[in-house]
Amino acid sequence: MTAISGRFAGKRAVVTGASSGIGRATVTRLAAEGARVGLIARGREGLEALAAEIGPEAALALPADCADEASISAAIDRAAGVFGGLDIVISNAGIELLGQDDRVDRLDLAVWQRLMRNNLDGQFLTCKHGIRHLLANGGGAVVCLGSNCGYLGMATNEPAYSASKGGVFAMMRVMAIDYAREGIRVNMVVPGFIDTPMNAPVMRDADELRYWSDQIPIGRAGSAEECAAAILWLASDEASYCVGTALVVDGGQASI
Ligand SMILES: NC(=O)c1ccc[n+]([C@@H]2O[C@H](COP(=O)([O-])OP(=O)(O)OC[C@H]3O[C@@H](n4cnc5c(N)ncnc54)[C@H](O)[C@@H]3O)[C@@H](O)[C@H]2O)c1
């Protein structure tokens, strides 16, 4: 993926779920294009290693749980304090519980609640505390991560994950309207089937991989970098007229 030199020069960002997959690709490219980035995820070690790789002038490791209000608000406040404000919030962290999420007649309330807490509460709290700083800044950009399961219902046996992502989609559309006149653009990237640690069991199993790839017009899984490219575009000034957009990055799957 080619970095566009200086596109984010002077911009200050936070990215949740920064240590893995799409979040990792996003922080790497934001930093390469000139931004200073607060890296938020739960595991301290992975974050510190990534921050060291990117370099202390561009990356700040902020271990936090997005679903815990005190934890995520402190991490975002720290990024804004160190950077002198915030321009960009990438609300990316999420989990999928394959094998536990199940048809509703078999679905444990605890599994449902864990998915809602991480995926929906987590994005609500990230946006809540990130947008406080964007308002103080006089504007900025928010990009949430949804999923094509969130409005196509294509992930059979994953009602809880799909409902959590459907919730993010609805919240994103309302936030987009609520903040449009205050210079804050809220948008969403909607990935399809992407080769990240979240899908590692499928990527390792040749039959499963063929089954999923056959359902995608382009015939393969997407990469974290292909999602990051879409996230960066929506966060950049080039997307200045995009408000409430759900940008699908799925190799054509949603068009079938
Ligand atoms: N990979 C796919 O095929 C795919 C498809 C559609 C949507 N998505 C969405 O894209 C986003 C990124 O997924 P990925 O594939 O990179 O997954 P990943 O598992 O590689 O990375 C997710 C990251 O989020 C972090 N995280 C999860 N819950 C957290 C919490 N409460 N607090 C802090 N950090 C937390 C994890 O620790 C991890 O660093 C997720 O929201 C996911 O639902 C992924």
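The table below lists the values:
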| read-out | value |
| --- | --- |
| Lys, Arg +1 and Asp, Glu -1 on Cβ, resulting dipole of the range 43-103 about Cα centre, debye, nearest 20 | 100 debye |
| Projected label distance in nm at residue 238 and residue 169, using a 7 Å step from Cα toward the beta-carbon | 2.6 nm |
| Binned Cα-Cα distance frequencies in the range 1-102 - 10 Å width, integer % | 17, 50, 25, 7, 1 |
| Inter-site label distance for residue 106 and residue 157 at 7 Å from Cα along Cβ, in nm | 0.7 nm |
| Under the Karplus curve 6.51 cos²θ - 1.76 cosθ + 1.60, θ = phi - 60°, whole-Hz ³J(HN,Hα) for the range 105-111, x wherever Gly or Pro sits | 5, 10, 7, 5, 4, 5, 5 |
| Accessible surface of the chain [probe 1.4 Å, protein heavy atoms]: carbon and sulfur percent | 52 percent |
| Cβ-placed point charges (K, R +1; D, E -1), dipole of the chain about Cα centre in debye, nearest 20 | 560 debye |
| Rounded to whole Å, sorted largest first: equivalent-ellipsoid semi-axes of the chain, Cα gyration tensor | 28, 20, 18 |
| Helix axis angle, 159-179 relative to the chain longest principal axis, alpha carbon, degrees | 30 degrees |
| Degrees separating the helix 44-54 axis from the principal Cα axis of the chain, which is the longest one | 60 degrees |
| Added length on full extension, which subtracts the Cα-Cα distance from 0.36 nm per residue, residue 254 to residue 128 | 42.4 nm |
| Folded to 0 to 90 degrees: helix 122-137 orientation relative to the chain principal axis, Cα | 20 degrees |
| Theoretical ellipticity at 222 nm over the chain - DSSP helices of four or more residues, -39500 (n - 2.57) apiece, nearest 500 | -13500 deg cm²/dmol |
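The values are calculated or read from the model by the stated rules, or taken from the named source; none is laboratory data. Please read these numbers as outputs of a predicted model, since none were measured by experiment. Positions of Cβ are backbone-derived with ideal geometry, glycine not excepted, and every protein chain shown enters the neighbour counts. For accessibility, only protein heavy atoms count, side chains too; no ligands or nucleic acids. Shrake-Rupley method; radii C 1.70, N 1.55, O 1.52, S 1.80 Å.
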